[in-house]
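Novice: Quick one: this structure, given as structure tokens, is what I'll be asking you about.
The values are calculated or read from the model by the stated rules, or taken from the named source; none is laboratory data. All values derive from a computational prediction rather than experimental measurement. So basically every Cβ, Gly included, is an ideal-geometry build from the backbone, and we count neighbours across all protein chains shown. All accessible areas refer to the heavy atoms of the entire protein, side chains included, with ligands and DNA or RNA removed. Shrake-Rupley method; radii C 1.70, N 1.55, O 1.52, S 1.80 Å.
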Amino acid sequence: MLTLLIFIVLLVLILLNIPIAVAMGVTAIIFFVGLGQGSSLTMLAQRMYYGTTGFTLLAVPFFILAGNLMNSGGITNRIFRFARALVGHIPGGLGQVSVISSVIFSGMSGSAVADAAGLGQIEQKAMIDDGYDPVVAASMVASSSIIGPIIPPSIPFVFFGALTAVSVPRLFMAGFIPGFIMAAAMMMIIAVMAKPRGFPRSKRAGLKELLLSFTSAFFPLMTPVIIIGGILSGLFTPTEASVVACIYAIILGFIYKDLKVRDLPGIFWDTIKASAGLLFIMAVANFFGWFVMYQQIPNKLIASLAAVGASGSGVMAIIIAVVLILGLFMEGNAILFITIPIFLPIVTMYGFDLINLGVVLTLLIMVGNLTPPVGMCLFAVAGHAHVPILKLGKECLPYVIGALIITIIMAYVPQISTFLPNLIMGIE
């Protein structure tokens with residue numbers, strides 16, 4: 001009963017449009033005081049400080065900065081041109097280009113919203129110029145952007161690793177196959193819809209344009225090679241890799257003469273605002289997680305599941321349902337912060353692979369990015385495409401279904417996501 005009451009209070013505060021960090025903190029404080037445990041509030045500052053001092057978390061602001069630098073440094077234009085030369089002629093035309101561009105960009109920033117807001121503007125304009133309906137074009141841009149945090153580097157993987165103490169490099173490796181499967185599924189959906197809906201497509205690019213566009217995009221294409229190669233070779237950690245990505249993006253921006261010194265203060269300020277918001281949520285979430293453990297909520301849930309004889313498959317179905325419902329009302333990273341302290345003891349008892357769980361939770365919150373009323377990618381694209389959120393959400397439905405099917409497959413066949421990290425880094 002206490003567990004249910006805690007989450008009712010939290011959900012009510014969120015629905016009242018109270019910021020998620022404040023809602024989590026206020027909920028914990030209300031119940032500490034209400035249960036006569038006010039002395040425990042002395043832990044608030046300590047737990048908040050502890051929640052943001054992990055070395056791994058330094059990667060978050062630097063990956064955000066890398067994405068902002070690449071969006072401002074002309075790199076996204078080169079990626080789009082190369083992707084258009086590569087697949088613009090196949091059924092689905094620029095819709096397919098959008099997916100391939102997102103796959104390439106995902107190896108640089110690790111953020112779906114950065115993809116949707118930056119690269120997405122280029123894709124949206126090109127599709128409108130080619131004769132696509134604005135809502136249809138926006139749905140392709142928004143849907144392809146969710147690939148970003150699945151293929152490494154990935155900000156949600158960094159958060160998951162910090163919250164669960166699992167290896168971030170292993171999580172990065174685990175994202176490759178599910179990310180490519182997700183991209184293939186989206187390309188198939190676009191190809192199936194292309195003929196009946198009359199999606200235009202470009203002429204096949206000649207060998208000269210293919211080579212020119214590849215040459216133009218060569219150094220941006222090397223970004224994921226440098227990041228992932230450096231991590232796997234032991235040359236640098238994921239946190240150091242995020243710094244390398246920023247330095248590389250600045251160098252490319254100046255070489256291409258698309259990034260000016262006067263642009264940097266604005267880029268840095270946008271990064272500071274985004275990073276501060278995420279890390280403040282992380283800080284309060286650490287206190288909220290400690291509150292959840294202090295009240296022994298995971299133990300009570302485990303006892304309840306054991307009493308009804310729940311199987312591992314049933315527990316996974318519950319996790320999927322809970323995260324999907326939360327995804328309708330909350331931003332993805334906030335869902336991780338709230339649910340992981342509760343899920344972690346339960347999945348550990350049932351013997352789930354935590355690497356695969358990280359992939360599944362990331363896939364689920366990406367599905368949430370495409371579902372109204374709080375889908376972050378929907379808002380990012382609707383803002384620059386000037387299309388209604390509900391119409392955009394409806395148009396994204398085929399991609400949501402496809403992404404959900406892929407997620408369920410990953411949840412129940414963990415060998416798919418764990419194959420690559422086990423092969424390259426050995427079985428733990």
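Novice: Got at least one residue in segment 131-146 being open to solvent by less than 40 Å² (accessible area, probe 1.4 Å), in a loop (DSSP other than H, G, I, E, B) and on the phi < 0 side of the Ramachandran plot?
Specialist: Taking segment 131-146 and keeping what is open to solvent by less than 40 Å² (accessible area, probe 1.4 Å), we get 132, 135-146.
Right, trim to in a loop (DSSP other than H, G, I, E, B) and you get 132, 146.
Restricting the remaining residues to those that are on the phi < 0 side of the Ramachandran plot gives 132, 146.
Taking every residue of segment 131-146 in turn, at least one turns out to be open to solvent by less than 40 Å² (accessible area, probe 1.4 Å), in a loop (DSSP other than H, G, I, E, B) and on the phi < 0 side of the Ramachandran plot.
Novice: Please find, among GLY148, GLY175, the residue that is closer than 16 Å to VAL97 by Cα and in contact with a Ser or Thr (Cβ under 7 Å, 6 or more places away or on another chain). Don't jump to the end; show me each part of the working.
Specialist: Details: GLY175 fails: closer than 16 Å to VAL97 by Cα.
On inspection, the qualifying residue turns out to be GLY148.
Novice: So, one more: Given the structure, is LYS257 part of a loop (DSSP other than H, G, I, E, B) and of a type in the set (Lys, Arg)? So that I can check it myself, show each step before the final result.
Specialist: Working: part of a loop (DSSP other than H, G, I, E, B): yes; of a type in the set (Lys, Arg): yes.
Criteria met by LYS257.
Novice: Same structure, new question: Kindly state which helices (runs of 4 or more DSSP H) lie completely within segment 1-76 and contain at least 2 residues that are β-branched (Val, Ile, Thr). Before the answer, list the steps.
Specialist: Details: elements: 2-15, 20-34, 44-51, 59-72.
Result: 2-15, 20-34, 59-72.
Novice: Now for a separate question. I'd like the full set of residues that are of a type in the set (A, V, I, L, M), part of a helix (DSSP H, G or I) and open to solvent by 30 Å² or more (accessible area, probe 1.4 Å), limited to segment 306-345.
Specialist: Step one: list which residues in segment 306-345 are of a type in the set (A, V, I, L, M), which gives 306-308, 310, 315-326, 328, 330, 334-336, 338, 340, 342, 344.
Checking which are part of a helix (DSSP H, G or I) leaves us with 306-307, 315-326, 334-336, 338, 340, 342, 344.
The answer is ALA306, ALA307, ALA317, ILE318, ALA321, VAL322, LEU324, ILE325, LEU326, LEU344.
Novice: List pairs: first residue in segment 282-298 and more than 21 Å from PRO156 (Cβ to Cβ), second residue crowded, with 24+ Cβ neighbours inside 10 Å anywhere in the structure, Cβ distance under 6 angstrom, at least six positions apart or on different chains.
Specialist: Taking only residues 6 or more apart or on different chains, the pairs are PHE291/ALA28.
Novice: Something else: For residues that are free of Cβ contacts under 8 Å to residues at least 60 places away in the same chain and not in a helix (DSSP H, G or I), scanning just segment 389-427, find the one that is nearest to VAL135 (Cα to Cα).
Specialist: Among those residues, the one meeting the criterion is VAL413.
Novice: Another question, if that's okay. Which numbered condition in (1) free of Cβ contacts under 8 Å to residues at least 24 places away in the same chain; (2) of a type outside the set (Asp, Glu); (3) open to solvent by less than 60 Å² (accessible area, probe 1.4 Å) is the only one that ILE247 fails?
Specialist: Among (1) free of Cβ contacts under 8 Å to residues at least 24 places away in the same chain; (2) of a type outside the set (Asp, Glu); (3) open to solvent by less than 60 Å² (accessible area, probe 1.4 Å), the lone unmet condition for ILE247 is (3).
Novice: Of a type in the set (A, V, I, L, M), farther than 23 Å from ARG78 by Cβ and part of a helix (DSSP H, G or I): which single residue out of ALA249, ALA241, ALA245, ALA194 fits that description?
Specialist: Working: ALA249 fails: farther than 23 Å from ARG78 by Cβ; ALA241 fails: farther than 23 Å from ARG78 by Cβ; ALA245 fails: farther than 23 Å from ARG78 by Cβ.
The match here is ALA194.
Novice: Quick check on segment 168-203: of everything there that is among the β-branched types (Val, Ile, Thr) and under 25 Å from ILE416 (Cα atoms), which residue is surrounded by the fewest Cβ atoms within 10 Å (Cβ to Cβ)? Can you show your working first?
Specialist: At the first step, the residues of segment 168-203 found to be among the β-branched types (Val, Ile, Thr) are 168, 177, 181, 189-190, 192.
Among the residues that remain, those that are also under 25 Å from ILE416 (Cα atoms) are: 168, 177, 181, 189-190.
Working: VAL168: 24, ILE177: 19, ILE181: 16, ILE189: 20, ILE190: 26.
So the residue we want is ILE181.
Novice: Given the condition more than 18 Å from ILE151 (Cα to Cα) and buried (at least 21 other Cβ atoms within 10 Å of the Cβ), answer yes or no: does some residue in segment 229-236 qualify? Lay out the reasoning, then the answer.
Specialist: Taking segment 229-236 first, the residues more than 18 Å from ILE151 (Cα to Cα) are 233-236.
Next, from what is left, pick out any that are buried (at least 21 other Cβ atoms within 10 Å of the Cβ): none.
Looking through segment 229-236, none of the residues is more than 18 Å from ILE151 (Cα to Cα) and buried (at least 21 other Cβ atoms within 10 Å of the Cβ).
Novice: Out of all the residues in segment 253-276, is one or more without any contact (Cβ under 8 Å) to a residue 60 or more places away in the chain, acidic (Asp, Glu), open to solvent by 10 Å² or more (accessible area, probe 1.4 Å) and within 16 Å of LEU65 (Cα to Cα)?
Specialist: no
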